[in-house]
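Student: Sharing a structure, written as structure tokens. Questions coming.
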Ligand code: ATP
Ligand code: MG
């Protein structure tokens, strides 16, 4: 950022504006979520008046460089924010506004100039909004006053009202005026906690953390479960996925509940009794079912996966269909039609990519078939499931599901899961025997 002083950040949202009667709840959630990210949050509060929000110091003073950093980090991690502008709050007085603009414009000019591409025209515009009708000038007149005062000293600046490198923004309200020169994009979407919560099947791969990030962008709080196969997978796997969860939690209104399920015993049953080529699909059906039980426990309204059509053998449409039929629980697949490159770009933006890239085998590779089936139809798979004690396998997985502290890796068992399974799912999935 520049050396222009900042005593507020103007906040803009987009989508939550469409929510009609619930609007104030969305707004409150957005502001709470920003506050949660601010260290020493007691120093800050909000200007809030008729759809205009600004983050400011409680005592209205200017932000220190450290406070600017704290504020921008918080704003960059809060879903629901469309854009924000560091600005100066001042009295709604035309001379004061003009003086401040004249004083700080040179810094804004230099900053914009450094970002120009070679041979590009340097464009500028003035945007004024006046919600205080008693202010002596109209918005248009004020724009002209500002342009007349500033632009004659800068030969290389070309006015472009539609799109400009540099916008001088002024907003005049009865109690206050805001001046700003820079605009930053936020993460968009909805504030986390404004939609129903979901449960992510979080592997150590690139995709599922991105799925979690996208669901948060739609306002869902995301809890997760990871499947491991110790002693066939390494203990480091849980550490790796917990690290991913910690990164994702930076974007949430509160930390996730993070579960790990050891499915090694069921995988051995499948290895010993079922056709090799269906192993992966059978594992995945177990994962969906265990996750469905956990979702009831967590009151999550949907499961979330990082599946994308055609990416690996288990993600042919036929196999996705067969995996999907293992449960009635709604499954969200935000990456389903994305390119890997798009997914990687989001993983980089979210900050999960480097951890995902650390090599560490996961449950899917335990006893993985050399030639996995790509056309597993539901009837074939149901038949495979009669060859081993599929219900016992689910119970074994549930017994081996633990709530994990993502920092200490301390484990707590979840004995309630067996009852949830027996009451809600057992008969539906495996009949009365
Ligand atoms: P990812 O990069 O997320 O691992 P992938 O392209 O490797 O995805 P798969 O491994 O087949 O694809 O898995 C598809 C989805 O199934 C994952 O995105 C994840 O949601 C879920 N999944 C797979 N393995 C696990 C696991 N061990 N624990 C939790 N979820 C898993
Ligand atoms: Mg994977």
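Readers should treat all values here as calculations from the given coordinates under stated rules, not as data from a laboratory. Quick caveat: nothing in here was measured; it's all calculated off a predicted structure. Note: ideal-geometry Cβ built from the backbone for every residue, glycine included; neighbour counts use all protein chains shown.
Student: When the Cα centres of segment 103-147 and segment 41-71 are compared, how far apart do they sit, in Å?
Tutor: Taking the Cα centre of each part, segment 103-147 and segment 41-71 sit 23 Å apart.
Student: Which percent of the Cα-Cα distances in segment 198-430 go past 25 Å?
Tutor: Value for segment 198-430: 35 percent of Cα pairs lie more than 25 Å apart.
Student: If contacts are Cα pairs under 8 angstrom and at least 6 residues apart, what is the relative contact order of segment 198-430 in percent?
Tutor: This gives 30 percent for segment 198-430.
Student: Let me ask another. Can you give the three extents of the C-alpha atoms in segment 1-139 along their principal axes, from longest to shortest, in whole Å?
Tutor: Each principal axis gives a Cα extent; for segment 1-139 these are 44, 37, 32 Å.
Student: Right, next: For the residues 354, 196, what sequence is obtained by ranking on other C-beta atoms within 10 Å, fewest first?
Tutor: Sorted ascending by nearby Cβ count, the order is 354, 196.
Student: Another question, then. If packing is taken as the average count of other Cβ atoms within 10 Å, what order do 223-230, 345-352, 91-98 fall into, highest mean first?
Tutor: Descending packing order for the listed peptides: 223-230, 345-352, 91-98.
Student: Would you mind ranking 138, 316 so that the residue whose beta carbon has the fewest other beta carbons within 10 Å leads the list?
Tutor: Fewest to most other Cβ atoms nearby, the residues stand as 138, 316.
Student: What is the antiparallel percent of DSSP beta bridges lying wholly in the chain, to the nearest 5?
Tutor: 55
Student: Once you put a point 7 Å from the Cα of residue 64 and another 7 Å from the Cα of residue 23, both along the Cβ direction, what distance in nm separates them?
Tutor: If labels sit at residue 64 and residue 23, their model points lie 3.8 nm apart.
Student: Convex hull over the Cα atoms of segment 223-334, averaged projected area in nm²?
Tutor: 7.7
Student: While we're here: Let me know the whole percent of all Cα-Cα pairs from segment 124-208 that are separated by more than 17 Å.
Tutor: Considering segment 124-208, 64 percent of its Cα-Cα pairs are separated by more than 17 Å.
Student: Taking 60 Å as R0, compute the FRET efficiency from the Cβ-Cβ separation of residue 359 and residue 102 and round it to 0.05.
Tutor: 0.55
Student: Which angle between 0 and 90 degrees, to the nearest 10, do you get for helix 207-217 versus the longest principal axis of the chain when only C-alpha atoms count?
Tutor: Its long axis makes an angle of about 50 degrees.
Student: I'd like the distance separating the alpha-carbon centroids of segment 170-187 and segment 370-433, in whole Å.
Tutor: Here the two parts' Cα centres lie 54 Å apart.
Student: Please identify, among 82, 385, 236, the residue showing maximal mean-square fluctuation in a Gaussian network model of the chain using a 10 angstrom Cα cutoff.
Tutor: 236
Student: Once all Cα-Cα distances of the chain are split into 20 Å bins that start at 0, what whole-number percent is in each one?
Tutor: Pair shares across the bins are 23, 43, 24, 10, 0.
Student: Moving to a separate point now. To test your reading of the geometry: what angle, between 0 and 90 degrees and rounded to tens, separates the Cα axis of helix 279-298 from the longest principal axis of the chain?
Tutor: 60
Student: Work out how much length residue 45 to residue 410 would gain on full extension: take 0.36 nm times their residue separation and subtract the Cα-Cα distance, in nm to one decimal.
Tutor: Result: 127.8 nm gained on full extension.
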